[in-house]
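Scroll down for the structure; my scribbles are underneath it.
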Amino acid sequence: MVSVAEYRRIVAEHMANLRRVETVPLLDCLTCTRLAAATVRSEVPVPGFANSQMDGFAVRAADLAPALPLAPMIAAGAEAPALPAGHAAPIMTGARLPEGADAVVPVEETLTGFTDATSVTLAEAALASTTPGRFVRGIGTDIAPGDVLVREGDVLTPARLGVLASCGVTELEVYAPVRVLVVTTGDEVVPVGTPVTGHHSALVHDANGPAMSATLAAAGAHVVDLVHVRDEPAALHEALALRAGAIDLVVSMGGISMGQREVVKLAAEADPDSRMEFTKVAMQPGGPQGIGTLAGVPWIGLPGNPVSGLVSAEMFLRPALLGLDPEAPARPQSRAVLRTSTPEGSPAGKLQVRRARVAQAVQAVGAQADGASTADGSAGTAVPEVSLVSGPSSHLLRAYAESNAFVLVPEDVTELRDGDEVTVWHLG
Ligand SMILES: Nc1nc2c(c(=O)[nH]1)N[C@H]1C(S)=C(S)[C@@H](COP(=O)(O)OP(=O)(O)OC[C@H]3O[C@@H](n4cnc5c(N)ncnc54)[C@H](O)[C@@H]3O)O[C@H]1N2
Ligand code: MOO
């Protein structure tokens, strides 16, 4: 049996071989998860010019007087003629600060507002508080030339895309999305839209296909296609032959365990060039796993039970697609206090991954027993409480959908009780 840590390294290595770099327009990175393939530094300062933080009046702080004659108005995007000494210029948010001005008085701190065309009368607050730099956004205060905008491996989040755009970056090097074929298996599985009802029905709707495709896409993969194959190895080879050259990886679900009709295992046996390893990982759920090359394509074979597949993707595939350090937690990790009405078991020698909910309300550790706050008035260190959502079985997909966290029960822990401190991964 392979440990979870070891298998995570194996999957990371397998997936690292699939990475290709491409240069793409920034505007092609908006709708899917993309990873920067190189560090990008700014060549310019942002803001590129000193500008007003408020709608108001550009002034020189040293020239302040209860009433100031007006210079022409400066709109955002317009040129800003120099401010004559002892004057104020109406100025809009984002407009360039004129030469000679060093502060802005917001319109709310004037008695005349924008109504008087010839002068502005300042309120006491403006006279008392206006110092050089007040309500001015200086050159380079957000980004200085040479600042790192994104690092290799960074996800291009909305804010990072905005930062790149604000520096005028039009294209950049990213990792090409891994082109994945998602394969679901099993004679009992039918696509959504096909009825499964009836007295003798032994059919189930395909839950894995949509759930796994969405999981992979959210981690930056390009799901080229989703196909279902019956429990016939020839059908699997056929599906592959049809897509040869168009995919980098197959992620299959099901057909890898101990039965008599395990289609992925049988297809691997029928392919003399296949280099698939079928193994058991010391994890529950998600024990059976397959990895290697089948029909000439890199392959990850996940277990068919819907929760097993999704937990496997969370533990192994998502981190590898995102290029996360295999030694570090793949989600924000914290300790939490377990709340459970009955003791819960966990298999010895396996990492149990329980689906759970972290409460919004947090327990104030260090707060006094009567609920009063600590001597310094703070509420103490916040430790969240966590409750398990349903049992450990891997068909409980709805419970997974209701969860926002995993509780990771280590290999040497066989029982969980109310009040135990546990390790939690916070899912997105
Ligand atoms: N004798 C043993 N039997 C099993 C073992 C074992 O160690 N010894 N392991 C169990 C565990 S744990 C798992 S997990 C499963 C994995 O089996 P497979 O990967 O071969 O998956 P299947 O048998 O094809 O399917 C399992 C289960 O999931 C349902 N399923 C499959 N595909 C879908 C889909 N697309 N949508 C919804 N549900 C799906 C399928 O109907 C089965 O109920 O093996 C155990 N057995
Ligand atoms: O490992 Mo199976 O994935 O427990 O259900």
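Looking at this structure, is ALA214 surrounded by fewer than 15 Cβ atoms within 10 Å (Cβ to Cβ) and at negative phi?
Yes.
Could you tell me how many of the residues in the range 42-62 are over 18 Å from ALA80 (Cα atoms) and open to solvent by 50 Å² or more (accessible area, probe 1.4 Å)?
3
Do any residues in the range 255-271 that are closer than 16 Å to THR184 by Cβ and within 16 Å of ligand 2 (Cβ to nearest atom) have Cβ atoms under 7 Å from those of residues that are of a type in the set (D, E, K, R) and outside any helix (DSSP H, G or I), where the two are at least six apart or on different chains, and which pairs are they?
GLY255/ASP231; GLY255/GLU262; ILE256/GLU262
Scan PRO191, PRO195 and give me the residue that is within 13 Å of ligand 1 (Cβ to nearest atom), at pLDDT below 95 and open to solvent by 70 Å² or more (accessible area, probe 1.4 Å).
Answer to the selection: PRO191.
Out of all the residues in the range 153-189, which are in contact with a Pro (Cβ under 8 Å, 6 or more places away or on another chain) and not in a loop (DSSP other than H, G, I, E, B)?
Of everything in the range 153-189, just one residue is in contact with a Pro (Cβ under 8 Å, 6 or more places away or on another chain) and not in a loop (DSSP other than H, G, I, E, B), namely GLU171.
May I ask you to list the residues in the range 297-320 that are open to solvent by 20 Å² or more (accessible area, probe 1.4 Å), under 19 Å from LEU397 (Cα atoms) and of a type outside the set (A, V, I, L, M, F, W, C)?
Those that are open to solvent by 20 Å² or more (accessible area, probe 1.4 Å), under 19 Å from LEU397 (Cα atoms) and of a type outside the set (A, V, I, L, M, F, W, C): GLY304, ASN305, PRO306, ARG318.
Within the range 336-353, identify whether any single residue is at pLDDT 95 or above, of a type in the set (Gly, Ala, Ser), surrounded by 17 or more Cβ atoms within 10 Å (Cβ to Cβ) and within 15 Å of ligand 1 (Cβ to nearest atom), and answer yes or no.
yes
Could you pull out every one of the strands (runs of 3 or more DSSP E) wholly within the range 267-325 that has 2 or more residues that are closer than 25 Å to ALA405 by Cβ?
By residue number, 288-294, 297-302.
The values are calculated or read from the model by the stated rules, or taken from the named source; none is laboratory data. Just so you know, these numbers come straight off a predicted model, no measurement behind them. All Cβ positions, even for glycine, are placed from backbone atoms using ideal geometry, and neighbour counts span all protein chains on display. Areas reflect the complete protein model, heavy atoms only, side chains present, ligands, DNA and RNA absent. Shrake-Rupley method; radii C 1.70, N 1.55, O 1.52, S 1.80 Å.
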